[in-house]
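Pasting a structure here, questions to come.
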Amino acid sequence: MKLLKVAACAAALSLAMTGLASAKNYTLKVQTHLSAESLNGKNAAIFAKDVEAMSGGRLKLEMFYSGSVVKSTETFDAASNGILDGDMTGAAYQTGKNPAFQFLGDIMGGYNTPWEQYSWLYYGGGLEAAQPLYHKYNMHLIGWWVGGQESMNSSKPLRGPADLKDWKFRSPPGMETEIFAEMGASPIVMDFGEIFTALETKIIDGADASNVSTNKSLGLYDLVKYTTYPGFHSMPSDHLALNKEVYDGLPADLKAILNVAMQKLSFQHTMSQQVDMSEVAATIQKEGVTLHDWSAEDRASFRAAAQKKWQQWADKTPEARMLVDSHIAYMKRLGLIK
């Protein structure tokens, strides 16, 4: 009988300790490269509030905007090393570590809509394929939020491929620089936060920054009056990736809250971004910005150049080959390519 009482007490103590552990509060420091004033920034703030509300205040996200702690391109490493807890930039910034990250950050010339791109992640085996790569760098991928096709901005017309010749523009790091260089442009890799000044001082002729909504929030259309819209060349998947040790240390319910809240952010952000992009496009036209909608033939020339690069990049590492093959198989499944 005494043994039974001791066992019962031990079980009760264990349950109590589990309850105390689950009641622990967590605050995670997360940085994004985007401004708090942008639609992305506002949606990220709502995401943080959702996480706090659903967790009853046990999990809080302290958001840092516009690369305010470290440079945008250094966010991933800062999270991996514990300076931050989370990276809300994009995988394409990490192609220097492994070219495979390109195909988790910006497929370039691939999917037509955010919904097709999300479906690869959740129904095409993408999330499972991505995790080993993230885990290699002590990070864990929570999910994506995709705004839609991006627009290139310029101080001179961008009517089609011919206008790319000698066009000096800001490009994010990775495969994009090679695609546009082969098409005659002069891409310059620079940090997201440097774009406005570089345009203002005419160091560059234009920029691939983001979609028309974010571009407007950055003030780019105060400086340049030409943009491609609707976009076609780039549809980045901004990610939320957490330090793996931090993520692994969270209770199961808080992990579930993060994952569910991320999917809600993805859904709401894509919808709100599409609405906002349409409204902004109409507004900037009235303000004197020319929208260049490339023809089907011109878009096809870009897609052909991009898909040629996929294969070249796929041959760089086994992880890149695996992800490219996964995308291609899924695109064939959807009928996007033959």
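Normalised by the empirical 2.2 N^0.38 Å for globular proteins, what value does the Cα Rg of the chain take?
The value comes to 1.09.
Please report how many Lys pairs in the range 118-213 have alpha carbons closer than 28 angstrom, counting only residues at least 8 apart along the chain or sitting on separate chains.
5
Counting helices only, and only those DSSP H runs with n ≥ 4, report the 222 nm mean residue ellipticity of the chain as the sum of -39,500 (n - 2.57) divided by its residues, in deg cm²/dmol to the nearest 500. If you can, show how the numbers build up before the last one.
Values: 13 runs with 164 residues, N = 338.
So the helix-based figure for the chain works out to -15500 deg cm²/dmol.
If contacts are Cα pairs under 8 angstrom and at least 6 residues apart, what is the relative contact order of the chain in percent?
Details: 586 pairs, mean separation 77.9, N = 338.
Worked out over the chain, it gives 23 percent.
Using 7 Å Cα-to-Cβ label points, what is the LYS338/ASP293 separation (nm, one decimal)?
Result: 2.7 nm between the two label points.
Within straight cross-link reach of LYS244, meaning Cα distance under 16 Å, which aspartates and glutamates are found once same-chain residues fewer than 8 apart are removed?
Straight-distance partners of LYS244: ASP77, ASP85, ASP87, GLU128.
Could you calculate the contour length gain from LYS156 to HIS135, that is, 0.36 nm times the residue separation minus the distance between their Cα atoms, to one decimal place in nm?
Between LYS156 and HIS135, full extension yields 3.2 nm more.
If you stretched the chain out fully between ASN259 and SER278, how much longer would it get, using 0.36 nm times the residue separation minus the C-alpha to C-alpha distance?
3.9 nm
Would you please give the residues with an amide H less than 5 Å from that of MET139, counting only those at least 5 places away or on a separate chain, with H modeled from the backbone geometry?
Here LYS244 satisfy the definition.
If you average the alpha carbon positions of the range 242-282 and of the range 52-68, how far apart do those two centres end up, in angstrom?
Their Cα centres are 12 Å away from one another.
To make sure I understand, if each residue's beta carbon is the centre and we count other beta carbons within 10 Å, what order do LYS316, LYS71, LYS202 fall in, fewest to most? Mind dumping the intermediate values first?
Details: LYS316 14, LYS71 17, LYS202 10.
Lowest to highest Cβ neighbour count: LYS202, LYS316, LYS71.
In addition: So for the range 172-240, what percent of the C-alpha to C-alpha distances run longer than 21 Å?
More than 21 Å apart: 23 percent of the Cα pairs in the range 172-240.
Any chance you could give the angle, 0 to 90 degrees and rounded to 10, that helix 252-286 forms with the longest Cα principal axis of the chain?
20 degrees
How do ILE188, ILE195 rank when sorted from fewest to most other Cβ atoms within 10 Å of their own Cβ?
Fewest-to-most Cβ neighbours within 10 Å comes out as ILE188, ILE195.
Read-outs throughout are calculated quantities, based only on the coordinates presented, and are distinct from any laboratory measurement. Just so you know, these numbers come straight off a predicted model, no measurement behind them. Methodologically, a virtual Cβ is constructed for each residue, glycine included, from the backbone with ideal geometry; neighbour enumeration extends over all protein chains shown.
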